[in-house]
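Just below is one structure, and these are the notes that go with it.
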């Protein structure tokens, strides 16, 4: 009984010991917050990576791919059985994207991915990341007649951050075509009038845009918008799916065969990653270099040996934004049939197309690794690679895991430092209380009982410190976005810049097991560091302790 | 009476050395000492004569190097530490020169401390009312009934020593060992404390061993044992006269 009473009395009369547990509190709170935010980031990243990549990827080692995806899909289905929920073939080749901004050609290195527009969204979260509500329902490579989101559909803010997408689609395309036509006419008129010598005038966008031209364009637009749209929509519904014929090049380049009206027709549709076509300015608004409705050129290798580079013109129909900048600034999606035709991946004799890979979605709860291993047994490893989405992003996920472990070790050292503080203060208290320890021993207290006072004291400090840390940490972790807003309001600085992270709020996930582990660790350190002082107190010789002053 | 009563404490050829580095200090060199039940004995001697050490050995605070100590006919030297703790708690009450109260506890709690040491938490919840009554009665008896909730630093020296005596008695010990209980007190207060001890001896038949270097204090006891250089000094001294006088006085009273 005296142990409890003395523990309590020592606590009440020695606030210095409470000071030492402030660092336990802070350490525990920091660990909880950091773990929650790291777990949140890790979760967001994994969902995104998983959303972009399907559960399993079945691919060939070569760029030319393998023939007859349907046969492969049937074989996969037979091998893996009921676990398969959906499959879609894709073709992925490195390529270059070229587009013109204010008269300058900009070239970007990309991964050109041919997808099946009807099935691709079923094996991954691809559809969710598009900017047109209609495309999110069902992707179409036909240009939409406006209606693109000006508000980021994946964020919970209601602020308009993409005003440029307001007129995107056919209206933008018609306006651009008109503007070019007016420019051409003006140049023509200038040349006829006096033989223009100003070299800048030949490049319409490089010279100062003239107000009068804009007015002309507006006038022309007012005349054309009323009648153009129904026809355009009808014309656009179809060109993405031409029949596979013996001469693909005639279909691939409609401008060579027939005279194409760019205001009413489009080239093959593509969906580039948002990061390729836009950047975010300081005000948090996305500025676009290319809009849906604009035409771009893509240079890609043919499937022959050695590959030759060919170029073609495409029309941007939507943007893809997974919020993983690595993907958003790299991926460009095209209809798989068009890409197979342009690359010459269709065998003229058998008219069987080739694909690079097959994306596989498994049913909920299926064991990814087991299915992967089954498929690896069925298909020869020197021809095909089968990997899960985790395998694909293994290094990244491993790096995040390691970062978390290292951070945890470092933060635990903070609590360990607090442990040394407790050790020092306890030694001080033992020295100060030597005579009292002697008195207790003379009253018949055992060595274990005396040690117990100090162990109990340490346990109590640990529990109080960890408990306060738990409360502090959880309240921060659960309200981190409110706190961020408060700090931003106070300092006027952006604490968490969404343009860097592509999240609009700080993700935070509290795992009860992690919290338990932290608490147990902190209390363990507090008790552990009171063991030495407790031993010293227990071993004091009663006579010498009584003489101590 | 002294001869007929059985010995509560019987010390035979007790030896104790203190080592510090190379040198060994022989503090007790074979002490023989008996305490009869109900007897009040003073141990006197100069500083360093080993009287405090003898008291500590009898109070089981320290272990002897040789010799034996018997309590009620049972040897209590060389016991395990757990049994020594138990005996110290139940059979021996100790009073010290500088009171040795726990500063964090008030007077009542200080008196209760030995009982708290004896009982675990659950047991304590069962016995605490009875224990409080006992402690309160003791403090009342010593005139401290109004100071139960005072901390040691709010008490005078005499009051602190009386709290210490109450603490020593709350466990109903077989023997009370007092180490210079009046050493820090002025004459009048010290006399009061001595009076209390004598009264406990007379009225309750408590066996008391009092260590002191003050001849006047020692004279209040039934018998005086003189320690010199680690041995009981049997040579007759001037003190013996007064000791006999004390004995005579006691006989008269009895």
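Residues that are away from every other protein chain (no Cβ under 14 Å): list the helices (runs of 4 or more DSSP H) wholly contained in region A:386-443 that include at least 1 such residues. Let's see the steps before the verdict.
Details: elements: A:389-392, A:394-432, A:434-442.
Those helices (runs of 4 or more DSSP H) span A:389-392, A:394-432.
Collect the residues in region A:265-274 that are farther than 21 Å from residue A:310 by Cα and either at pLDDT 85 or above or surrounded by fewer than 19 Cβ atoms within 10 Å (Cβ to Cβ) (or both), keeping them in residue-number order. Correct list: A:273, A:274.
Being touching a strand residue (DSSP E or B) at 6+ places or on another chain (Cβ under 8 Å), in contact (Cβ under 8 Å) with a residue 24 or more places away in the chain, assigned by TED's automatic domain parsing to the domain that holds residue A:290 and closer than 27 Å to residue A:47 by Cβ holds for only one residue in A:130, A:143, and it is A:130.
Of all residues in region B:93-112, those being farther than 17 Å from residue B:152 by Cα and more than 7 Å from chain A (Cβ to nearest Cβ) number 1.
Conditions tested, residue by residue: (1) at pLDDT below 90; (2) surrounded by fewer than 20 Cβ atoms within 10 Å (Cβ to Cβ); (3) more than 9 Å from every other protein chain (Cβ to nearest Cβ).
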position: B:114; (1), (2), (3): no, no, no
position: B:120; (1), (2), (3): yes, yes, no
position: B:127; (1), (2), (3): no, yes, yes
position: B:149; (1), (2), (3): no, yes, yes
position: B:158; (1), (2), (3): no, no, yes
position: B:163; (1), (2), (3): no, no, yes
position: B:170; (1), (2), (3): no, no, yes
position: B:177; (1), (2), (3): no, no, yes
position: B:181; (1), (2), (3): no, no, yes
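Set side by side, the residues B:200, B:177 differ, and just one is touching a helix residue (DSSP H, G or I) at 6+ places or on another chain (Cβ under 8 Å) and not in a helix (DSSP H, G or I), which is B:177. Considering only residues in region A:444-459 that are within 12 Å of chain B (Cβ to nearest Cβ) and buried (at least 21 other Cβ atoms within 10 Å of the Cβ), the one that is nearest to residue B:89 (Cα to Cα) turns out to be A:444. Scan region A:110-121 and tell me whether some residue there is assigned to a helix (DSSP H, G or I), surrounded by fewer than 24 Cβ atoms within 10 Å (Cβ to Cβ) and modelled with pLDDT of 80 or more. Yes - at least one qualifying residue is present in region A:110-121. Out of region A:148-160, which residues are surrounded by fewer than 20 Cβ atoms within 10 Å (Cβ to Cβ) and out of contact with any helix residue (DSSP H, G or I) (no Cβ under 7 Å at 6 or more places or on another chain)? Those that are surrounded by fewer than 20 Cβ atoms within 10 Å (Cβ to Cβ) and out of contact with any helix residue (DSSP H, G or I) (no Cβ under 7 Å at 6 or more places or on another chain): A:151, A:153, A:154, A:155, A:156, A:157, A:158, A:159, A:160.
Only one of the listed residues (A:333, A:379, A:319, A:412) is touching a residue at least 24 places away in the same chain (Cβ under 8 Å) and in the same structural domain as residue A:34 (by TED's automatic domain parsing). That residue is A:412. Of the helices (runs of 4 or more DSSP H) lying entirely inside region A:1-89, those carrying at least 2 residues that are modelled with pLDDT of 80 or more, under 35 Å from the mean Cα position of the chain (by Cα) and more than 14 Å from chain B (Cβ to nearest Cβ) are A:15-52, A:69-80.
What about residue B:138, is it more than 10 Å from chain A (Cβ to nearest Cβ), part of a loop (DSSP other than H, G, I, E, B), within 13 Å of residue B:166 (Cβ to Cβ) and touching a residue at least 24 places away in the same chain (Cβ under 8 Å)? Here the answer is no, as residue B:138 does not meet what is asked.
Tell me the residue from A:431, A:406 that is farther than 30 Å from residue B:116 by Cα and at pLDDT 90 or above, please. Give the derivation first.
Numbers: A:431 fails: farther than 30 Å from residue B:116 by Cα.
Just a single option satisfies the conditions, and that option is A:406.
Considering only residues in region B:58-92 that are more than 9 Å from chain A (Cβ to nearest Cβ) and in a helix (DSSP H, G or I), the one that is nearest to residue B:10 (Cα to Cα) turns out to be B:58.
Pull out all pairs, ordered by first then second residue, where Cβ-Cβ is under 6 Å, the residues are six or more apart or on different chains, the first lies in region B:213-235 and is assigned to a helix (DSSP H, G or I), and the second is modelled with pLDDT under 90. Partner pairs satisfying both residue conditions: B:215/B:239.
Among the residues of region A:355-367, is there at least one that is surrounded by 14 or more Cβ atoms within 10 Å (Cβ to Cβ), assigned to a helix (DSSP H, G or I) and touching a residue at least 40 places away in the same chain (Cβ under 8 Å)?
From region A:355-367, those surrounded by 14 or more Cβ atoms within 10 Å (Cβ to Cβ) are A:355-362, A:366; that's our starting set.
Then keep just the ones that are assigned to a helix (DSSP H, G or I); that gives none.
No.
Among the residues of region A:1-29, the one identified as within 17 Å of residue A:480 (Cβ to Cβ) and either out of contact with any helix residue (DSSP H, G or I) (no Cβ under 6 Å at 6 or more places or on another chain) or not assigned by TED's automatic domain parsing to the domain that holds residue A:519 (or both) is A:26. Here the condition is being out of contact with any helix residue (DSSP H, G or I) (no Cβ under 7 Å at 6 or more places or on another chain) and either in the same structural domain as residue A:354 (by TED's automatic domain parsing) or in contact (Cβ under 8 Å) with a residue 12 or more places away in the chain (or both); of A:86, A:103, A:114, it holds for A:103 alone.
The values are calculated or read from the model by the stated rules, or taken from the named source; none is laboratory data. Small disclaimer: the values here were computed from a predicted structure and weren't measured. Every residue, glycine as well, gets a Cβ built from its backbone with ideal geometry; the counts of neighbours run over all protein chains shown.
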